Every structure is written in structure tokens, then in C-alpha cells.
Amino acid sequence: MKLFHQTTAKNAKAILAKGFTDATGSFGTRERYTGVLLKNQPVAVNEIDITLIEVELDEDALATYERREKGRSYREWLVPAVLVNAHTNLRILAGGKVDSE
């Protein structure tokens, strides 16, 4: 399954070089969570320096990590970095074109 992680260009290059690391935060909720936030489609945000990382993962492996919310037009997962790094094929997308592989 093709998923997307939104980050800065600087962080994207570090992820390609060293892999994902778990982030801890509220991720738009009142609870605290840890993992890598992935979405099934890019979601517009009000930031200029946004780079997309395309991640390929098996949908069955993601089932327990999906964060469901009514009214959302996209699907979202918070996946442990160790799982993303072990089972992923990723690349940086910039403006719809591959920036680096």
C-alpha cells in the first residue's frame, strides 16, 4: 500500500540516510502517541517547507495502527518506526517528481 509521510526537506534527507525514528506527540488529539504518522494521501497543510516521503507497506501489517476519525477524507496510521524501517521501500517526492531515491 502506498502511504505518505509529510516532513521538512532536511528531515526527509535524514530519514533516507538513517531511517525513520518514532515521534511522540498528540498528533491532533488529546492523548499522547508514539510512532511514524503515515497517510494514504497527501494532506494540505499551511507550511511552505513540506516534503513528501512515499512509503510502501503491506496493508495487513498496518491494521492495528490505523487511527480512524469520522468525517476525514483520508486514512491515517501511527506505525512504530521499527516496522516502517523493516518493511518499507521509500523515496522523497517533491512537487510530484522524485527528488532523491
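The values are calculated or read from the model by the stated rules, or taken from the named source; none is laboratory data. Computed from a predicted model, the values in this text were never measured in an experiment. Using ideal geometry, Cβ is built from the backbone for each residue, glycine included, and neighbour counts are taken over all protein chains shown.
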- Given the conditions (1) buried (at least 18 other Cβ atoms within 10 Å of the Cβ); (2) farther than 19 Å from residue 13 by Cα, which single one is not true for residue 51? (2)
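Looking at the range 60-70, is at least one residue part of a strand (DSSP E or B), under 20 Å from residue 24 (Cα atoms), at pLDDT 90 or above and among the aromatic types (Phe, Trp, Tyr)? If you could, list the steps in order and put the result at the bottom.
Step one: filter the range 60-70 for residues part of a strand (DSSP E or B), giving 66.
Those still in the list that are under 20 Å from residue 24 (Cα atoms) too: 66.
This time we only want the ones that are at pLDDT 90 or above, so: 66.
If we keep only those that are among the aromatic types (Phe, Trp, Tyr) as well, we get none.
Among the residues of the range 60-70, not one is part of a strand (DSSP E or B), under 20 Å from residue 24 (Cα atoms), at pLDDT 90 or above and among the aromatic types (Phe, Trp, Tyr), which makes the answer no.
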- Can you tell me which residue within the range 1-28, out of those that are within 14 Å of residue 76 (Cα to Cα) and in contact (Cβ under 8 Å) with a residue 24 or more places away in the chain, is surrounded by the fewest Cβ atoms within 10 Å (Cβ to Cβ)? 2
- Note on the structure: When the range 75-101 is checked residue by residue, the ones that are part of a loop (DSSP other than H, G, I, E, B) and either acidic (Asp, Glu) or at pLDDT 90 or above (or both) are 75, 80, 101
